[in-house]
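So the structure is just underneath, and the comments pick up after that.
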Amino acid sequence: MNEAEESELKTRLRLKWLPLDEGFDSARADEYERFLSLHVDEQMDLTREMNADDRVLHVYLSESRVRYGKP
């Protein structure tokens, strides 16, 4: 993924950063967008059902969203 694609995804998903080291896959952007559109309680319920690697990724996605608008 080049810098322009990364910037576009961060804007689209409203993320401060992309958790690339945690397994972020741009092909799954629609899935991440649906997850991030859920209320935090629903996100937590879903992450409980995930394997450890997916859980870590989705926690980082949530954290990146929370920090999106902050300097």
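Values in this text are rule-based calculations from the coordinates and carry no lab data. Please read all numbers here as calculations on a predicted model, not as lab measurements. Here Cβ is always computed from backbone atoms with ideal geometry, including for glycine, and neighbour counts include all displayed protein chains.
For the reader, a short list of remarks on this structure follows.
- Residue identified as more than 10 Å from the chain's Cα centre (by Cα) and surrounded by 13 or more Cβ atoms within 10 Å (Cβ to Cβ) among R55, R65, R48, R12: R55
- Of all residues in region 29-42, those satisfying the criterion of being surrounded by 13 or more Cβ atoms within 10 Å (Cβ to Cβ) and over 19 Å from K70 (Cβ atoms) are A29, Y32, E33, F35, L38.
- Residue list for region 28-71, restricted to those being in a helix (DSSP H, G or I) and of a type in the set (F, W, Y): Y32, F35, Y60
- Any hit, region 40-58, residues being among the aliphatic types (A, V, I, L, M) and touching a His at 6+ places or on another chain (Cβ under 9 Å): yes
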